[in-house]
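*Asks:* Structure in structure tokens, see below.
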Amino acid sequence: VGAHVSMAGGIESAIENAKSIGANGERVAIKLRPKMAWASKPIPQANVDEFKRRVLAEGYTSKVMPHGCYLTNLGNPDEDKRAKSMGAFIDDLERCALLGIDLFNFHPGSSVGNCTTEEACGTIADCINQAHKQVKGCPTILLENMAGAGNIIGGRFSDLGLIIKLVKDKSKVGVCLDTCHAFAAGYDLRTEAAFEETMAEFEREIGFGYLKALGSHKDRHANIGLGELGLWPFFKVMNDKRFSLMPIVLETPGYWNREVPALYALQGRRNDPADWQETRRLVEEVRVLREQAEKAREAEKQKAKAEKAEKGGKEKGKQAKGKGKVKKAESDGDSGSDSSSSDDGEEYRVKTISKKAAAKQSAPAKKASAKKTPAKAAAKPAPKRKSTAASGSSSKRKKREPAHSDDD
Ligand SMILES: [Zn+2]
């Protein structure tokens, strides 16, 4: 089981960080560049060497899976914009090659409403074909299924199936199935029957052979076991033989040193929540920690507000323009405390998961970082997804989550 750890100390620190959260993992997923940046400095050779040395030393060879730049959109019909995305895509892949990484996961893109889904899938496949040709030592490129809002490609398994159909080198393409995204897109996973129905559609539209990794995307409101998805789907993937060698990548916010062991603790348990005590204990700890962090954040916010109001009040007495100033200060304070995430910038993250690892592994109980999640741009209303001819059961699905700009 894995987590999402900071790589602020340089790309090589990913490996230490992965270990520190108890991920004696099968996979480490890292960021190759700051999360929301087009360009990034080249990785210095010394860091490359150190990264490779640690990968070897800690047994992570062939177990690292970076997540692509979040800004790229290979489905954009605008050639200039797509070229820019392609530049970042190629850069990411070249970084993988440089670091000896053989799996790479990315968000397929969006039609941006200017072309059909099929056309967007076509350009995405073209880009992948081009990358396969252009990048020496190109890793296997994994398409991530998305939450499926609006013009986003990958909400439906059929989108991914179509892209793969158009990729020439089938040995270098696959899918990272994100459970949270799938659920948000209307693929139910919460019961045995629903889970199997979803897997059947995956098999039909994509093919199980292309499933190379599982993900649990950052869902702002839910850590493992605390969201609508519940614990059962995690119990399922931790125990179902079909996923037994598959890496699972967590992108939940912040509490990996508990969530990783929480997932491991599901291994070998009975299909009965009463048998998941250790997991439920850890989930409860995360819930309490989150609550505390939220309270602390709220208190801070109030304090800052009060201070600013006081300061503004004094100024108001002195200055005629005071009123306008107070207002501005307040709104600055608000946005500041909502979006004061340190997720961006020169931070890299790691996620790892191993199902093989001993369930008993106890993660060092480092203080969970009560990291603030970046403020979401106000959720846009989710346009209805067009259902394709092949999606027989789509009418049964309904959207469970508002569309969110999916930055992580
Ligand atoms: Zn992702």
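The values are calculated or read from the model by the stated rules, or taken from the named source; none is laboratory data. Just so it is clear, the model here is predicted, and its values are computed rather than measured. Cβ coordinates were reconstructed from backbone atoms using ideal geometry, including for glycine residues, and neighbour counts include every protein chain displayed. Just the protein is used for accessible areas: all its heavy atoms, side chains included, with ligands, DNA and RNA removed. Shrake-Rupley method; radii C 1.70, N 1.55, O 1.52, S 1.80 Å.
*Asks:* Take the residues of the stretch 206-256 that are over 16 Å from the mean Cα position of the chain (by Cα) and among the basic types (Lys, Arg): which is least open to solvent (accessible area, probe 1.4 Å)?
*Replies:* LYS236
*Asks:* Just checking, how many residues over the stretch 257-309 are open to solvent by 80 Å² or more (accessible area, probe 1.4 Å), under 22 Å from the mean Cα position of the chain (by Cα) and either in contact (Cβ under 8 Å) with a residue 24 or more places away in the chain or under 21 Å from ALA18 (Cβ atoms) (or both)?
*Replies:* 1
*Asks:* A further question follows. Is at least one residue of the stretch 175-191 open to solvent by 20 Å² or more (accessible area, probe 1.4 Å), within 16 Å of the ligand (Cβ to nearest atom) and closer than 21 Å to CYS121 by Cα?
*Replies:* No, the stretch 175-191 contains no residue that is open to solvent by 20 Å² or more (accessible area, probe 1.4 Å), within 16 Å of the ligand (Cβ to nearest atom) and closer than 21 Å to CYS121 by Cα.
*Asks:* Return yes or no: is ARG82 more than 16 Å from the ligand (Cβ to nearest atom), touching a residue at least 12 places away in the same chain (Cβ under 8 Å) and open to solvent by less than 30 Å² (accessible area, probe 1.4 Å)?
*Replies:* Spelling it out, it is not the case that ARG82 is more than 16 Å from the ligand (Cβ to nearest atom), touching a residue at least 12 places away in the same chain (Cβ under 8 Å) and open to solvent by less than 30 Å² (accessible area, probe 1.4 Å).
*Asks:* I would also like to ask the following. Can you run down the residue pairs with Cβ atoms below 7 Å, 6 or more apart or on separate chains, where the first is in the stretch 51-73 and assigned to a helix (DSSP H, G or I) and the partner is within 16 Å of the ligand (Cβ to nearest atom)?
*Replies:* VAL55/VAL64
*Asks:* Somewhere in the stretch 193-212, is a residue under 14 Å from ASN145 (Cβ atoms), assigned by TED's automatic domain parsing to the domain that holds TYR255, modelled with pLDDT under 90 and hydroxyl-bearing (Ser, Thr, Tyr)?
*Replies:* no
*Asks:* Only one of these is open to solvent by less than 30 Å² (accessible area, probe 1.4 Å) and within 27 Å of PHE195 (Cα to Cα): LEU99, LEU160. Name it.
*Replies:* It is LEU160.
*Asks:* Could you list, in sequence order, all residues of the stretch 180-192 that are within 21 Å of the chain's Cα centre (by Cα) and either modelled with pLDDT of 90 or more or of a type in the set (D, E, K, R) (or both)?
*Replies:* The answer is HIS181, ALA182, PHE183, ALA184, ALA185, GLY186, TYR187, ASP188, LEU189, ARG190.
*Asks:* Okay, next question. Which of the residues belonging to the stretch 65-79 are away from the ligand (no atom under 16 Å from the Cβ) and open to solvent by less than 30 Å² (accessible area, probe 1.4 Å)?
*Replies:* ASN76
*Asks:* Of all residues in the stretch 95-121, which are more than 30 Å from ILE15 (Cβ to Cβ) and more than 16 Å from the ligand (Cβ to nearest atom)?
*Replies:* SER111, VAL112, GLY113, ASN114, CYS115, THR116, THR117, GLU118, GLU119, ALA120, CYS121
*Asks:* Do we have PHE202 as part of a helix (DSSP H, G or I) and either within 16 Å of the ligand (Cβ to nearest atom) or touching a Gly at 6+ places or on another chain (Cβ under 7 Å) (or both) here?
*Replies:* Considered against the rule, which asks whether it is part of a helix (DSSP H, G or I) and either within 16 Å of the ligand (Cβ to nearest atom) or touching a Gly at 6+ places or on another chain (Cβ under 7 Å) (or both), PHE202 comes out as no.
*Asks:* Name every residue in the stretch 85-94 that is within 16 Å of the ligand (Cβ to nearest atom), of a type outside the set (A, V, I, L, M, F, W, C) and modelled with pLDDT under 95, in order of residue number.
*Replies:* Passing the criteria: only ASP92.
*Asks:* Looking only at the stretch 192-205, which residues are open to solvent by 20 Å² or more (accessible area, probe 1.4 Å) and more than 21 Å from GLU118 (Cα to Cα)?
*Replies:* Going residue by residue through the stretch 192-205, those that are open to solvent by 20 Å² or more (accessible area, probe 1.4 Å) are 192-193, 196-197, 200, 203-205.
Selection gives GLU192, ALA193, GLU196, GLU197, ALA200.
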